[in-house]
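First up is the structure itself, then whatever we jot down about it.
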Amino acid sequence: METVHHDVLLIGGGGAGLRAAIAVAEANPRLTVGVASKVYPMRSHTVSAEGGAAGAIRPEDSLDEHAYDTISGGDWLCHQGAVEAFVREAPEELLRMEHWGCPWSRTPDGRIATRPFGGMKIERTWYAADKTGFHLLHSLYQTALKYPSISFHDEWFVVDLLVDGDRCHGAVAIELASGKVVALLARSVVLCTGGGGRVYPFTTNANIKTGDGMAFAYRAGVPLKDMEFVQYHPTGLPFTGILITEATRGEGGHLVNRDGYRYLQDYDLGTPEPKPVKRSMELGPRDRLSQAFVGEQEKGRTVESKWGDVVHLDIRHLGEKLIDERLPFVRELCRKYQKIDPVHELIPVRPVVHYMMGGVHTDIEGATPVAGLFAAGEVACVSINGANRLGSNSLTELLVFGARAGRGAVQEVENAPDRPPEAVLRRALEVERRIHGDLLLRRGEGERVATIREEMQLTLEANVGIYRERAGLEEAREKLRELRDRMKGVSLDDGSLTFNTELPHYLEMENMLDVAEAIVHSALNREESRGSHQRRDFPARDDERFLAHSLVRRSPEGEPRVELLPVTITRWEPGERVYGR
Ligand SMILES: Cc1cc2nc3c(=O)[nH]c(=O)nc-3n(C[C@H](O)[C@H](O)[C@H](O)COP(=O)(O)OP(=O)(O)OC[C@H]3O[C@@H](n4cnc5c(N)ncnc54)[C@H](O)[C@@H]3O)c2cc1C
């Protein structure tokens with residue numbers, strides 16, 4: 001079997017992966033770095049981020065204000081030590097991006113421009129028009145290409161980690177162009193595989209976001225943290241799930257119901273302002289806005305459409321000039337995918353799954369409990385996002401914690417053995433045999449991967465969505481068990497080796513079932529409502545029992561086991577969740 005050796009292996013070429021790769025190259029140019037990515041790095045989901053990246057920079061802002069907003073927005077479930085490091089390093093990282101070529105939008109006098117974002121009471125979101133992710137990823141990619149020590153394995157699909165005892169020695173991957181299975185051996189590994197929103201049917205997430213890295217870590221015995229916290233974004237296009245960025249509301253857009261009424265004024269968004277709240281109401285936290293949509297739906301005040309119930313986002317009053325200058329991508333998306341022009345028409349929107357607060361359990365240097373294995377970006381849970389991420393904190397998180405994990409991986413190289421144990425190579429061979437000797441030969445009359453995927457997605461949407469309760473969660477748990485069983489009977493139509501796209505879909509499906517199971521079991525265990533996890537049967541936050549992270553681990557029998565880990569509180573005692581003080 002072919003083997004490739006690197007000192008450090010990055011799995012994922014999105015924002016976190018590229019930032020980590022550069023950090024390794026800068027810390028020690030003698031180390032060889034491999035970046036494996038199932039798509040070309042520039043196609044990673046980071047490219048689609050629109051709104052911006054948070055970092056305190058304005059004179060009226062401070063690191064403490066950014067930390068407070070993040071912690072209260074996360075309903076006091078954030079690791080406060082991690083948040084303090086995050087807000088401190090945020091402006092430094094964003095400025096570094098400027099030096100690497102990221103064209104941040106400017107004020108007329110040439111300073112960095114900022115825009116308001118949900119849950120942030122001071123403007124601190126840096127942006128590059130509404131294509132921030134594109135510019136950020138491009139700048140990172142161009143910078144990474146300058147380092148001779150970094151090499152890319154583009155369109156290589158990682159199947160699993162190579163872990164022996166409590167150390168990670170690399171991963172096994174399929175080169176998609178040839179179908180060859182290769183052992184990628186490394187002294188330290190950083191998982192940067194992004195989130196897994198595709199376990200739900202309506203999502204802003206790209207098709208590639210299937211939680212692969214979370215499943216790898218889970219199978220390797222690393223706990224997944226806070227998986228029950230799944231963020232719905234209140235404004236996705238109803239059919240495609242394409243995101244209409246929060247910046248649209250930051251610039252002054254209104255959410256209205258079937259009567260053209262700004263319904264958010266009827267809901268508690270955590271804003272202490274007297275009602276009706278004027279400008280800030282559309283900028284309440286995403287979880288509360290998504291819950292308000294369900295409230296309108298239950299009152300029969302949403303609008304029926306052929307894609308289900310929607311409300312309207314109205315930006316007509318902003319005018320063509322501002323829309324073209326600040327929100328050109330929003331206009332383009334509406335025209336191309338919804339066939340409407342938001343300069344003159346209302347945009348139909350509904351809440352769609354957007355982001356996973358949970359992920360691979362790491363410390364604030366990105367290290368997991370398995371030696372030689374690090375994680376950063378959306379795949380990881382440090383946690384700076386707690387029970388609800390504030391928009392625009394994530395892009396900054398990729399930079400701050402991508403860099404930290406990269407530096408951690410460099411230090412770990414010293415501790416790794418010179419050559420991996422035999423058991424690791426045997427395991428790689430097993431994976432190769434499974435792919436070539438089993439999966440590719442499974443032809444015939446079995447079920448389709450797509451059938452299993454759709455049933456899983458609909459089950460999660462119905463039972464583990466914006467609101468949850470015990471009976472529904474138990475139903476989802478049973479359904480997932482059934483689907484796992486049915487996976488054994490799935491067959492593939494395509495048995496070829498060259499660019500076989502069905503094979504990765506099968507492997508992604510296995511990963512998504514692991515992720516879905518972790519979400520459901522963590523949600524069942526958390527008998528309270530906090531942030532994006534709302535239990536109808538336990539409507540209040542319960543700090544007594546649940547001011548704690550959920551850690552879900554796979555037992556030796558393959559069953560998920562949930563335990564709790566106390567939250568690190570440094571300076572901000574849990575209080576009522578208000579923003580906009
Ligand atoms: C539409 C949209 C808009 C957003 N807007 C904003 C915003 O304005 N501000 C903000 O802060 N956040 C925003 N977010 C969130 C933020 O963009 C993401 O959380 C972040 O970009 C994730 O980056 P990442 O590097 O962790 O992962 P990704 O960018 O998703 O990259 C994952 C990488 O892992 C690779 N990979 C995955 N699985 C495998 C495998 N099995 N084998 C090999 N490679 C693999 C992929 O090829 C890819 O290179 C947005 C998200 C979406 C979906």
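Confirm whether residue 440 is crowded, with 18+ Cβ neighbours inside 10 Å, modelled with pLDDT under 95, in a helix (DSSP H, G or I) and of a type outside the set (Lys, Arg).
yes
Confirm whether residue 389 is within 23 Å of residue 54 (Cα to Cα) and not assigned by TED's automatic domain parsing to the domain that holds residue 22.
Judged against the criteria, residue 389 is not a match.
Which of the residues belonging to the range 76-97 are open to solvent by 10 Å² or more (accessible area, probe 1.4 Å) and closer than 22 Å to residue 225 by Cβ?
Selection gives 79, 81, 84, 89.
Select, from 395, 399, 390, the only residue that is within 16 Å of the ligand (Cβ to nearest atom), crowded, with 18+ Cβ neighbours inside 10 Å, touching a residue at least 60 places away in the same chain (Cβ under 8 Å) and not in a helix (DSSP H, G or I).
Residue meeting the stated conditions: 390.
I'm told residue 303 meets every condition in (1) out of contact with any Phe, Trp or Tyr (no Cβ under 8 Å at 6 or more places or on another chain); (2) buried (at least 20 other Cβ atoms within 10 Å of the Cβ) except one. Can you identify the failing condition by its number?
(2)
Of everything in the range 76-96, what is touching a strand residue (DSSP E or B) at 6+ places or on another chain (Cβ under 8 Å) and either farther than 19 Å from residue 380 by Cα or of a type in the set (Ser, Thr, Tyr) (or both)? Give them in sequence order.
Listed by number, the list holds a single entry, 94.
Within the set of pairs 6+ apart or on separate chains, which have a first residue in the range 337-351 that is within 8 Å of residue 237 (Cβ to Cβ), a second that is part of a loop (DSSP other than H, G, I, E, B) and of a type outside the set (A, V, I, L, M, F, W, C), and C-beta atoms under 6 Å apart?
The qualifying pairs are 337/240; 348/238.
Restricting attention to the range 77-95, does a residue exist that is closer than 21 Å to residue 144 by Cβ and either aromatic (Phe, Trp, Tyr) or not in a helix (DSSP H, G or I) (or both)?
no
I'm trying to understand the selection: among the residues of the range 308-367, which are closer than 16 Å to residue 244 by Cβ, touching a Ser or Thr at 6+ places or on another chain (Cβ under 9 Å) and part of a loop (DSSP other than H, G, I, E, B)?
315, 327, 342
For residue 332, which of the numbered conditions (1) open to solvent by 30 Å² or more (accessible area, probe 1.4 Å); (2) more than 16 Å from the ligand (Cβ to nearest atom) fails to hold?
Of everything listed in (1) open to solvent by 30 Å² or more (accessible area, probe 1.4 Å); (2) more than 16 Å from the ligand (Cβ to nearest atom), residue 332 misses just condition (2).
Considering only the range 210-250, how many residues are within 13 Å of the ligand (Cβ to nearest atom), open to solvent by 10 Å² or more (accessible area, probe 1.4 Å) and among the hydrophobic types (A, V, I, L, M, F, W, C)?
Looking only at that region, the number is 2.
The values are calculated or read from the model by the stated rules, or taken from the named source; none is laboratory data. Here the structure is a predicted model, which means the values were calculated and not measured. Glycine also receives a Cβ, built like all others from the backbone with ideal geometry; neighbour counts cover every protein chain displayed. Only protein heavy atoms, including side chains, enter the accessible area calculation; ligands, DNA and RNA are left aside. Shrake-Rupley method; radii C 1.70, N 1.55, O 1.52, S 1.80 Å.
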